[in-house]
């Protein structure tokens with residue numbers, strides 16, 4: 001099985017190609033606002049470095065959020081068009097689930113966090129096996145940290161955002177091979193049906209709900 | 001000569017559209033997914049909602065377009081996409097889609113300026129004849145452009161503040177006309193009389209426009225009348241407003257035609273659907289022997305047909321981008 005993996009949900013581009021669950025090559029780059037300019041050129045280089053054509057891929061995995069709204073849309077649009085064109089299905093994956101995969105196995109609980117501004121984060125709590133103890137949500141960071149205090153084992157925050165916290169924080173450096181290994185066998189969905197997972201309404205929708 | 005098939009993709013505001021156009025003038029299929037009913041509830045386009053809708057729709061719109069034309073991506077020679085100006089989040093969806101297709105199928109990627117697309121909408125009606133003056137009037141633009149030949153654009157002037165369509169929508173809001181108010185305001189104008197006295201905006205010899213003063217004049221007039229306890233005759237106010245707008249646009253367009261000694265005028269953009277403007281330009285052009293082209297309503301609003309048409313001529317002029325092409329919220333027509 002040849003799998004293409006893409007995550008543009010943050011200011012980083014994480015992309016990789018694996019063959020039979022072994023990574024052929026990967027890209028890990030901090031791109032910030034240059035995400036749109038660099039993502040496809042980097043993907044093209046990735047395929048070239050693997051001596052592969054986009055048409056060789058069997059499965060497409062994409063991180064569909066939560067995270068940067070624009071970032072998620074870039075990745076999801078590429079994946080949707082790619083999968084639609086190749087008549088393949090997409091395995092959408094939560095950014096937080098991907099972040100919960102750590103090489104270091106000494107932690108009982110992993111708490112991925114993505115800054116959602118104004119004291120809020122997109123966050124969740126997972127155990128070592130990737131089972132959600134606290135499902136992904138848009139939550140006050142302080143509330144998530146309180147939830148961490150109640151955990152019966154050793155826990156760590158995983159994030160590429162900087163927070164003022166006393167908790168242990170590990171930077172997120174995607175273990176793309178392990179993410180593919182763990183999730184590529186999930187049943188894919190029709191690309192038309194794949195949508196970003198924003199976990200949050202737009203401000204206009206929130207205001208409309210408030211005023212309803 | 002072999003036919004050239006261009007896939008056009010447009011997502012600069014609240015319409016997701018794909019189109020297949022042959023040789024810049026033969027429309028094989030066009031699909032437009034409009035979000036107008038969604039944004040209606042908010043009184044205008046909400047950029048984040050628009051972006052979300054584009055992602056949702058993009059593959060379905062592309063699929064429907066290819067199916068309708070009975071073509072596959074292998075039949076396409078090049079992919080033309082609107083890269084600006086427009087809402088950045090919206091533009092990015094069409095752009096990433098186009099770049100992905102260009103990458104997968106190893107096809108040329110053609111960047112198209114949205115306004116150039118609007119101008120080339122006329123090419124779908126009849127082949128453009130040069131030199132010409134293009135009047136671009138929409139929710140985001142009010143521009144006079146001189147074209148000496150295909151794909152050559154010289155901006156003569158534009159709005160200094162609000163675009164004409166934007167002004168229509170804002171005035172409509174003051175008159176409690178639901179979004180999108182412009183077309184309704186145009187309808188009402190035809191039922192009224194020009195009884196209100198409004199200033200002709202930037203009534204000078206330049207090719208610049210200004211509509212914010214006129215908009216303020218309408219707002220002040222409405223407030224003053226309401227404070228005095230007088231009822232507003234909305235049809236009459238719509239008619240008075242439309243009269244000065246049409247007058248100033250017609251006057252400056254005709255001046256451009258005379259100054260640049262051209263015999264062809266084309267009108268482009270959403271406000272080209274405005275009945276009042278169409279009537280005024282048709283009458284004046286007939287009097288002066290000017291060949292006027294106004295596209296049918298379906299080509300006036302945002303669509304990918306015009307992008308594919310403009311894309312064909314851009315392609316002939318060697319305008320090809322690589323995969324690093326980025327979206328731009330604003331880009332002068334001459335800079336492209």
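FYI, it's all coordinate maths here, none of it is from the lab. This is a predicted model, so every value here is computed, not measured. Positions of Cβ are generated from backbone atoms using ideal geometry, with glycine treated the same way; all protein chains shown enter the neighbour counts.
In whole Å, largest first, what are the principal axis extents of the Cα atoms in the protein assembly as shown?
Cα extents, longest axis first: 84, 68, 34 Å.
Most fluctuating residue of B:117, B:84, B:140 in a GNM of chain B with Cα springs under 10 Å: which is it?
Fluctuation is largest for B:140.
Averaged across the residues of B:43-52, what count of C-beta atoms belonging to other chains lies within 10 Å of each residue's C-beta? Mind showing how you got there, number by number?
Values: counts 1, 1, 0, 5, 2, 8, 5, 1, 5, 8.
Shielding by partners across B:43-52 averages 4.
What is the fewest-to-most order of A:73, A:182, A:117, B:52 by other Cβ atoms lying within 10 Å of their Cβ? Kindly include the intermediate steps, with their values, before the conclusion.
Values: A:73 28, A:182 17, A:117 7, B:52 24.
Lowest to highest Cβ neighbour count: A:117, A:182, B:52, A:73.
So how do A:95, B:33 line up by other beta-carbon neighbours within 10 Å, fewest first?
B:33, A:95
Once both axes come from the Cα atoms, what is the angle between helix B:234-259 and the longest principal axis of chain B, in degrees from 0 to 90, rounded to 10?
For B:234-259 against chain B, the angle is about 60 degrees.
Determine the distance separating the Cα centre of the range A:1-50 from the Cα centre of the range B:296-336; give it in Å without decimals.
Here the answer is 28 Å between Cα centres.
Rounded to the nearest 500, what is chain B's calculated 222 nm mean residue ellipticity when only DSSP H runs of at least 4 contribute -39500 (n - 2.57) each, over all residues?
Numbers: 11 runs with 146 residues, N = 336.
That calculation yields -14000 deg cm²/dmol at 222 nm.
Mind pulling the angle between the C-alpha long axis of helix B:47-69 and the longest principal axis of chain B? Nearest 10 degrees, somewhere in 0 to 90.
The angle comes out near 50 degrees.
How far is the Cα center of the range B:237-292 from the Cα center of the range B:1-66, in Å?
Here the answer is 29 Å between Cα centres.
Starting from the Cα gyration tensor of the range A:101-212, take the square roots of the eigenvalues, sort them a ≥ b ≥ c, and report rounded, prolate or oblate (rounded when a/c is under 1.5, otherwise prolate if a/b is larger than b/c, else oblate).
Numbers: a/c = 2.07, a/b = 1.15, b/c = 1.81.
Verdict is oblate for the range A:101-212.
Based on other C-beta atoms within 10 Å, arrange B:88, B:297, B:145, B:200 from fewest to most. Numbers along the way, then the final one.
On the way: B:88 19, B:297 11, B:145 25, B:200 14.
Least crowded to most crowded, the residues run B:297, B:200, B:88, B:145.
Using a 10 angstrom cutoff on alpha carbons, build the Gaussian network for chain A and name the most mobile of A:99, A:148, A:52.
Taking springs between Cα atoms under 10 Å, the residue moving most is A:52.
Kindly provide the helix-only [θ] at 222 nm of chain A, computed as the sum of -39,500 (n - 2.57) over DSSP H runs of four or more divided by all residues, to the nearest 500 deg cm²/dmol?
Helix contribution divided over all residues of chain A: -9000 deg cm²/dmol.
Mind running the shape call on the range B:128-294? Use the C-alpha gyration tensor, a ≥ b ≥ c as the square roots of the eigenvalues: rounded below 1.5 for a/c, prolate if a/b tops b/c, oblate otherwise.
Details: a/c = 2.21, a/b = 2.05, b/c = 1.08.
Prolate shape, in that a/c is at least 1.5 and a/b is the bigger ratio.
Counting partner chain Cβ atoms within 10 Å of every residue's Cβ in A:33-39, what's the average?
On the way: counts 1, 2, 3, 10, 6, 3, 5.
Per-residue shielding by partner chains comes out at 4.
Give me a single rounded figure for B:57-66: the average over its residues of other chain Cβ atoms within 10 Å of their Cβ.
4
Quick one: which of B:67-77, A:58-68 comes out on top by average Cβ neighbours within 10 Å, and what's the full order, highest first?
Values: B:67-77: 14.5, A:58-68: 24.6.
Ranked from most to least packed, the peptides come out as A:58-68, B:67-77.
Sticking to Cα atoms, compute the Rg of chain B to one decimal and its Dmax as the biggest Cα-Cα distance, whole number, in Å.
20.1, 70
Express the Stokes-Einstein translational diffusion coefficient of the range B:206-314 in µm² s⁻¹, to the nearest whole number, given a Kirkwood radius over alpha-carbon pairs, 20 °C and a viscosity of 1.002 mPa s.
Details: Rh = 16.3 Å.
Answer from the Stokes-Einstein relation: 132 µm²/s.
Any chance you could give the angle, 0 to 90 degrees and rounded to 10, that helix B:304-316 forms with the longest Cα principal axis of chain B?
Approximately 60 degrees, to the nearest ten.
Where does the Debye-calculated log10 I(q)/I(0) of the range B:205-262 sit at q = 0.25 Å⁻¹, using only Cα point scatterers of equal weight, no solvent?
Calculated log10 I(q)/I(0) at the listed q: -1.00.
When the distances between all Cα atoms of chain A are binned every 10 Å from zero, what whole-number percent does each bin get?
Going from the shortest bin to the longest, the percentages are 8, 34, 35, 18, 4, 0.
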